[in-house]
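Take a look at the structure set out below.
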Amino acid sequence: MSEAYNPKAVEPKWQKIWDDEKAFHAPHDYSKPKMYNLVEFPYPSGQGLHVGHPRPYTAMDIVSRKRRLQGYNVLFPMGWDAFGLPTENYAIKNHIHPKIVTTNNVKRFKSQLHALGYSFDWEREVNTTDPGYYHWTQWIFLQMFKKGLAYKTEMPINWCTGCKVGLANEEVVGGVCERCGSPVVQKMQSQWMLKITAYADRLIDDLDSLDFIERVKVQQKNWIGRSHGAEVDFQLAGKDAKLRVYTTRPDTLFGATYMVVSPEHPYIDQFKDDIKNYEEVVAYREAAARKSDFERTELAKDKTGVCIDGITAINPVNGKEIPIWVSDYVLMSYGTGAIMAVPAHDDRDWEFAKKFDLPIIEVIAGGNVQEAAFTDVETGTLVNSGFLNGMSVAEAKKAITEFLAEKGLGTPKTNFKLRDWVFSRQRYWGEPIPIVKCEKCGYVAIPEEELPLELPEVDSYMPTDTGESPLAHMTEWVNTTCPCCGGPAKRETDTMPQWAGSSWYFLRYIDPHNDTCIADPEAMKYWLPVDWYNGGMEHTTLHLLYSRFWHKFLYDEGVVPTPEPYQKRTSHGMILGENGEKMSKSRGNVINPDDIVNEFGADTLRTYEMFIGAFDLAAAWSQDGVKGCRKFLDRVWKLQDLVTEGNAYTPALETKIHQTIKKVSNDYEEMKYNTGIAAMMTLVNEYYKAGTLTKEDYKVLLVLLNPVAPHITEELWEKMGFAGRIYQTTWPEYDEAKTVEAMIEVAVQLNGKVRAKIMVPADASAADAIAAGKEAVKDRLTGTIVKEIYVPGRLVNLVQK
RNA sequence: GCCGGUGUGGCGGAAUUGGCAGACGCAGCAGACUCAAAAUCUGCCACUGGCGACAGUGUGCCGGUUCGAGUCCGGCCACCGGCACCA
């Protein structure tokens, strides 16, 4: 009898051996096929590792380990996304430098990940807070600045009235400050912006060439929000001015019965003298500005507005004079800040027209426009629309667009919901923005040789009460000279957001210690793009989009060799508490991965997290489920007592083994880890049923299981005296022909109901199978058979009347 | 409101993509071992009726296509996630 399975001895032993042997270091071996697998690097929070982390990490570790055994040169790195607010807040509260907090947290995270036996190439570890790293984050920013993609502008920011500090959107929860609960208001502040909108078209169009799961593509497309339409000019009656609107439905132009401008529209002040009710309009504008986000969205159903008295517009297609209203349902930040309202065919315009009793003119037949706006573009025919009458929506769109172009009244236009990226944070713990402001020269880039521009030591990381970054207090650091004219200048004191360092980290893994460029171009050519990137859905419209944008910019600059950073993107589901709710301290349902490793072992945790359910769906934790997985590993361990000499598969087990190799090999690639593990459990059950197994039978099980449970399989490999290490072996092959049983059980159905089971040879002809099926149910064959079906290896169905 | 996802035993979940619904695991029940318990091993385990062979019902609901539907089509319902006056 073997001694009991003891992961506490086995796991540290192999973790040390793998480190010593540099088992998972990925060299630049250009002769081998490469595979670059990536998981999102964690933010090293003070809480330590969460049980949610191992789910994606184990999944990609499985793929990486399997592909290595299949002969791939695999890059599977790990690092730390370590700038960020929680660290800074913790530092402020406890008077410890964020650098020290970060170092401690990273140390803890690393030891936790190490204890889980991941095959990360630790030689390539990166940390976004390392000056050797953010040197290149700053360098990329400078390239963008030089190309006009980074610019400074006045932007409203979220201002906490309690903390007197600017907040990131993520820190504003339900209109109040996440930390102190005080109301958050909008405050104008000068901000650095990145022109992601310049890449909007490519960020949508290039998705087609990528192997991203569909919901990621859809979410990115919706976020970018491209729409095709036209800009149309409406002449103001009696004025030498035109009001320009954007519409996606130029075909409904004849139905435009009024216009609406946003409260911030410049015409309100420009035509101040003509507006008879100017006071009323301004009062409305001020009321709209005071509305909180909550009022603007939650109370959106109730339309408000004021009719501008004194100026009107002329509908360009029918010459009708129509009123102009001001309402906050029109946003200054989208399109032209003005719309033509077609209440018959737009829900919002309809609601507004009903409330203020404005005319509703049907121009597309097919609905009842007095009851509801008719917005269907697939059906319906143009009416009351002059030369467009009788056309479909699609035809009318084309005709009106040509008409407008011909008369110089309007042009086709594409708009996006996507806005430029607010890149400034008034915080300490981030990358300094490498720009100085000179009275004479304006904003000037610091010379590249001065990079990295290191974060100075400050006395206090507390934000200032003016909303400036803590760096603003560092007068000796702030006051500098202009690299352009040599005159006095001030450094930018805002820092970059956390998204900066994570926008390009996958490039740095390729060549993490290079101090002359981002990474060696030859190495990038070999490793890029990332073959497979798994991460959370919550990063789809921020991190994932931002990093695609940066990569495309670097591609245009000739820095990186591929137009896209990631070829394939998959996503994991969340791990919930035992009660099915999200894990949180307040709910008291948090599971600490350290406890699971202590009690059951890392291999059990890994196996359980892969067995818990479909990888892309949320799954609730179950302590009993963990025990079940430990039981499975115990059974694998104890199989060693049943092993006999022999370097071939046991004949009776051969089919099952080939089937299992096939199933497990496919399931790992398709992220169906739960069914792959189930198949190995079945194989283990078969081995026990057989009572004895050869070394070869055992070996194949160990290799298949190795990616999921690397420590126990490495230990058993050694105990069985197999050559070398299991991490150096090769992945088993299966023979398709041998996955099929000689005799197969087939169901016999009568009118679709199973009435008998028969055994037929796998290669039986339809006629033979049907004949055997008839024989098996002959007692029930009372009517005439009108149809006979044989699905090879599955069933016989006899239809009788 | 719009977009996306999910709905299968007591529970987590399978089902070769139109072919035997419930693999695998958990829990439960019975038995073996034990003074006993734990652990381990063996067997049973969708529901209803029947001692039983067996029969009927069953994949959120209603309808359809098909020899055959968890899977396809039409119409609903519930829950989860994202966006939210984007003209």
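Principal axis extents of the Cα atoms in chain A, from largest to smallest and rounded to whole angstrom, are 101, 87, 51. Specify the angular offset, from 0 to 90 degrees and rounded to the nearest 10, of the alpha carbon long axis of helix A:98-115 from the longest principal axis of the alpha carbons in chain A. Approximately 30 degrees, to the nearest ten. Reducing segment A:311-334 and segment A:610-640 to their Cα centroids gives an inter-centroid distance of 64 Å. Taking the square roots of 5 times each eigenvalue of the Cα gyration tensor of segment A:665-801, largest first, gives ellipsoid semi-axes of 44, 15, 13 Å. Sorting the segments A:694-703, A:673-682 by their mean number of nearby beta carbons within 10 angstrom, highest to lowest, gives A:694-703, A:673-682. Using the Cβ-Cβ distance between A:K291 and A:K8 with R0 set to 56 Å, the FRET efficiency from 1/(1 + (r/R0)^6) comes to roughly 0.40.
With the cut-off at under 18 Å, measuring from each backbone N in segment A:522-544 to a point 7 Å along the Cα-to-Cβ line of A:K568 picks out A:527-537.
Projected over every direction and averaged, the convex hull enclosing the alpha-carbon atoms of segment A:424-469 yields 4.1 nm². Highest mean packing first, where packing is the average number of other Cβ atoms within 10 Å per residue, the peptides A:604-613, A:521-530, A:49-58 line up as A:604-613, A:49-58, A:521-530. Largest to smallest in accessible area, the residues A:K66, A:K778 fall in the order A:K778, A:K66 (1.4 Å probe, all protein chains included). Maximal additional length on extending the A:V458-A:F722 stretch stands at 89.2 nm, based on 0.36 nm per residue less the C-alpha distance. Report the FRET efficiency, 1/(1 + (r/R0)^6), for A:E402 and A:D240, where r is their Cβ-Cβ distance and R0 is 35 Å, rounded to 0.05. My answer for the efficiency is 0.85. The Rg/Rh ratio for segment A:494-622, using Cα coordinates for both the radius of gyration and the Kirkwood hydrodynamic radius, is 1.08. Evaluated at q = 0.19 Å⁻¹, the base-10 log of the normalised Debye intensity for segment A:81-158, with identical point scatterers placed on the Cα atoms, takes the values -0.98.
Here the alpha carbons of segment A:604-725 define both size measures, Rg and Dmax, at 14.2, 44 Å.
Taking the C-alpha atoms only, the angle from helix A:766-776 to the longest principal axis of chain A is near 70 degrees.
Can you list the residues of segment A:528-555 with backbone N under 20 Å from a point 7 Å past the Cα of A:S209, pointing along Cα to Cβ? Hits in segment A:528-555 for A:S209 at 20 Å: A:528-533, A:544-555.
Based on the Stokes-Einstein relation at 10 °C and a viscosity of 1.306 mPa s, and on the Kirkwood radius from alpha carbon pairs, segment A:443-487 is assigned a translational diffusion coefficient of 129 µm²/s.
Placing a pseudo-label 7 Å from each Cα along the Cα-to-Cβ vector at A:Y151 and A:D302 gives an inter-label distance of 3.9 nm. In a shell of Cβ-Cβ distance under 14 Å around A:K22, excluding A:K22 itself, what net charge do Lys and Arg (+1) and Asp and Glu (-1) give? That works out to -3. For segment A:58-98, the spherically averaged projection of the C-alpha convex hull amounts to 4.2 nm². The stretch between A:N514 and A:E775 holds 86.3 nm of extra length on full extension. This uses 0.36 nm per residue minus the Cα-Cα distance. Of all DSSP-defined beta bridges confined to chain A, some 75% are antiparallel rather than parallel. Over all other residues within a Cβ to Cβ distance under 12 Å of A:D511, the charged ones net out to -1, with Lys and Arg as +1 and Asp and Glu as -1. Distance from the Cα centroid of segment A:761-776 to that of segment A:216-269 is 70 Å (rounded to whole angstrom).
Stretching A:S111 away from A:R635 to a fully extended chain increases their span by 185.8 nm, per 0.36 nm per residue minus the current alpha-carbon distance.
Over the C-alpha trace of segment A:360-483, radius of gyration and Dmax come out as 28.8, 75 angstrom. Ligands, DNA and RNA left out, the accessible area of chain A computed with a 1.4 Å probe is 51% carbon and sulfur.
Put a dot 7 Å past the Cα of A:E21, heading toward its Cβ, do the same for A:D309, and the two dots end up 8.9 nm apart.
When its C-alpha radius of gyration is set against 2.2 N^0.38 Å (N residues), segment A:1-49 gives a value of 1.76. Fraction of C-alpha pairs exceeding 19 angstrom in segment A:282-420: 61 percent, rounded to a whole number.
To the nearest 10 degrees, how steeply does helix A:131-146 sit against the main Cα axis of chain A, on a 0 to 90 scale? Approximately 40 degrees, to the nearest 10. Beyond 19 Å, the tail of the calculated P(r) for segment A:726-801 holds 42 percent of the Cα pairs. If you plug the beta carbon distance of A:S31 and A:H228 into 1/(1 + (r/R0)^6) with R0 = 35 Å, you get a FRET efficiency near 0.10. With the convex hull of its Cα atoms as the shape, segment A:429-572 has an orientation-averaged projected area of 11.0 nm². Pairs exceeding a 31 Å alpha-carbon distance, out of A:K195/A:K303; A:K13/A:K107; A:K585/A:K663; A:K672/A:K738: A:K195/A:K303; A:K585/A:K663.
Per-residue SASA remark: A:K437, around 110 Å² accessible (1.4 Å probe; ligands, DNA and RNA not included).
The values are calculated or read from the model by the stated rules, or taken from the named source; none is laboratory data. The structure presented is a predicted model; accordingly, all values stated were derived computationally and were not measured. Neighbour counts run over all protein chains shown; Cβ positions are idealised from the backbone, glycine included. To get the accessible areas, we keep the full protein, side chains included, count just its heavy atoms, and leave off ligands, DNA and RNA. Shrake-Rupley method; radii C 1.70, N 1.55, O 1.52, S 1.80 Å.
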